[in-house]
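Read the figures in this text as sums done on the coordinates, not as results from a lab. Everything numeric here is computed off the predicted structure, so don't read it as measured data. Every residue, glycine as well, gets a Cβ built from its backbone with ideal geometry; the counts of neighbours run over all protein chains shown.
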Amino acid sequence: MIRLCAPDELTEGQSRGFLIDQLNLLAVRRHGQVHAYLNRCPHRGIALEWVKDDFLDDSGSLIRCARHGALFLIDSGECVAGPCEGQALQMLECLEDANGIWIVP
């Protein structure tokens, strides 16, 4: 398992990017649950954000690709609008305990 951060370093409604062992990742906490994905838009295979840790749309309810405007559901990674509609971000198994937020690569 790979530790992303301490639980209090990803607060409710926040998104963060991580570069660990050459893996470009993102995590979002929504409704108390952490969701983790590869930081790669299925449309062109590029990183989703222009600004560090800025992965959410203005409402904070969807993950947004800043380059193409694609919108993804936070809980499943499914693209619901944009050039890759019907595709999805690659979800990573994510666990949380008192010591950290972890992904299973």
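Ratio to report: Rg/Rh of region 1-76, with Cα atoms as the point set and Rh obtained by the Kirkwood method; give two decimals.
Radius of gyration relative to Kirkwood radius: 0.93.
I'd like to know which of SER59, LEU71, HIS31 lies farthest towards the positive end of the charge dipole of region 31-76, counting +1 on Cβ of Lys and Arg and -1 on Cβ of Asp and Glu.
Final value for the positive-end residue is LEU71.
Can you give the direction-averaged projected area of the convex hull of the alpha-carbon atoms in region 32-105, in nm²?
5.2
Please state the relative contact order of region 2-104 as a whole percent: Cα pairs under 8 Å, 6+ residues apart?
Relative contact order comes out at 27 percent.
Pull out the extension gain between GLU12 and ASP75, defined as 0.36 nm times the separation in residues minus the alpha carbon to alpha carbon distance; nm, one decimal.
21.3 nm
With each label point set 7 Å from Cα along the Cα-Cβ vector, what nm distance links ALA66 and ASP53?
That separation, rounded to one decimal, is 1.3 nm.
Return the loop-located chymotrypsin sites (Phe, Trp or Tyr not before Pro) in region 1-104 (DSSP other than H, G, I, E, B) with at most 15 other Cβ atoms within 10 Å of their own Cβ; answer none if there are none.
TRP50
I want to check the label-to-label distance for CYS5 and ALA88. Put each point 7 Å from Cα in the C-beta direction and report it in nm to one decimal.
Distance between label points: 2.5 nm.
Quick one: Karplus J couplings for region 34-45, per residue in order, coefficients 6.51, -1.76, 1.60, θ = phi - 60°, nearest Hz, x for Gly and Pro?
Whole-Hz 3J(HN,Hα) from phi for region 34-45: 9, 10, 10, 9, 5, 7, 8, 5, x, 5, 10, x.
At 0.36 nm per residue, minus the direct Cα-Cα distance, what do ILE20 and ALA98 gain on full extension? Give it in nm, one decimal, please.
That works out to 26.0 nm of additional length.
Report the Cα centroid-to-centroid distance between region 1-42 and region 75-105 in angstrom, as an integer.
9
Just how large is the dipole of the chain about the Cα centre, in debye to the nearest 20, putting +1 at every Lys and Arg Cβ and -1 at every Asp and Glu Cβ?
Approximately 340 debye in magnitude.
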